[in-house]
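A short worksheet on the structure shown next.
Readers should treat all values here as calculations from the given coordinates under stated rules, not as data from a laboratory. Since the structure is predicted, the reported quantities are computational estimates derived from the model, not experimental observations. All Cβ positions, glycine included, derive from the backbone under ideal geometry; neighbour counts span all protein chains shown.
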Amino acid sequence: MKTSIALIGFMGTGKTVVGRLLAQKLRKDFVELDAEIEKKAGRSIPEIFRLDGEVRFRELEIEVVKDISTRKNAVIACGGGIVLNKINIDRLKKKSVIICLTALPSVILKRTAPDKNGRPLLDVADRAREIKKLLDFRRPFYTRSADIIINTSRLGIDSAAEKILETLKDYESNHRQK
Ligand code: S3P
């Protein structure tokens with residue numbers, strides 16, 4: 001039985017803030033993969049990208065997923081690029097239901113504006129264009145990886161967490177072994 005939940009989706013869709021609240025509501029542990037990567041590397045995400053490059057970041061991401069994916073009773077907030085390496089999703093699927101959060105590009109642009117320095121991939125002159133480009137490329141990866149998809153464009157943090165709980169209940173009753 002899967003007792004963990006992995007939240008995937010593009011930057012700014014609410015994985016971390018909603019995930020933290022969801023974990024509280026479900027009385028599960030909350031794990032943020034980016035924070036685990038920072039711990040392991042002894043550097044911030046922007047520093048890893050700047051000093052070691054994106055390829056090294058993706059390697060660290062794979063290593064951290066390998067460790068964390070065995071955890072039971074956890075809500076795991078993944079980084080937006082987790083879907084780029086299929087091995088990550090294969091590992092997460094063993095113990096977690098995969099929930100993909102989505103949002104409109106305009107909403108993502110607004111939500112990621114205050115923290116643009118913390119997200120190296122969006123630290124570019126034309127952020128709107130970059131978001132659209134990355135989203136277009138990644139959309140099929142998110143769709144293919146998800147057990148459940150929830151659009152958070154019009155939802156606040158609490159409503160998004162409640163919506164996940166509700167959808168999860170339906171999902172679990174449909175997937176319970178008979
Ligand atoms: C990334 C998303 C970030 C972080 C890194 C790369 C991506 O996580 O892992 O900057 O490739 O989409 P968030 O989705 O939590 O911002």
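Tell me, please, whether a residue that is away from the ligand (no atom under 16 Å from the Cβ) and in a loop (DSSP other than H, G, I, E, B) can be found in region 143-151. The answer is yes; a qualifying residue exists. Residue pairs whose Cβ atoms lie under 6 Å apart, sitting 6 or more positions apart in sequence or on different chains, and linking a residue in region 81-106 that is closer than 23 Å to Thr3 by Cβ and within 16 Å of the ligand (Cβ to nearest atom) to a partner that is in a helix (DSSP H, G or I) and of a type in the set (S, T, N, Q), are Ile82/Asn88; Val83/Ser145; Ile89/Ser145; Ile98/Ser145. As a summary of the residue check, Gly79 satisfies the conditions (1) closer than 19 Å to Gly14 by Cα; (2) touching a Lys or Arg at 6+ places or on another chain (Cβ under 8 Å) except for the one numbered (2).
Ser173 falls short on exactly one of the conditions (1) in a helix (DSSP H, G or I); (2) surrounded by 12 or more Cβ atoms within 10 Å (Cβ to Cβ), and that condition is (2).
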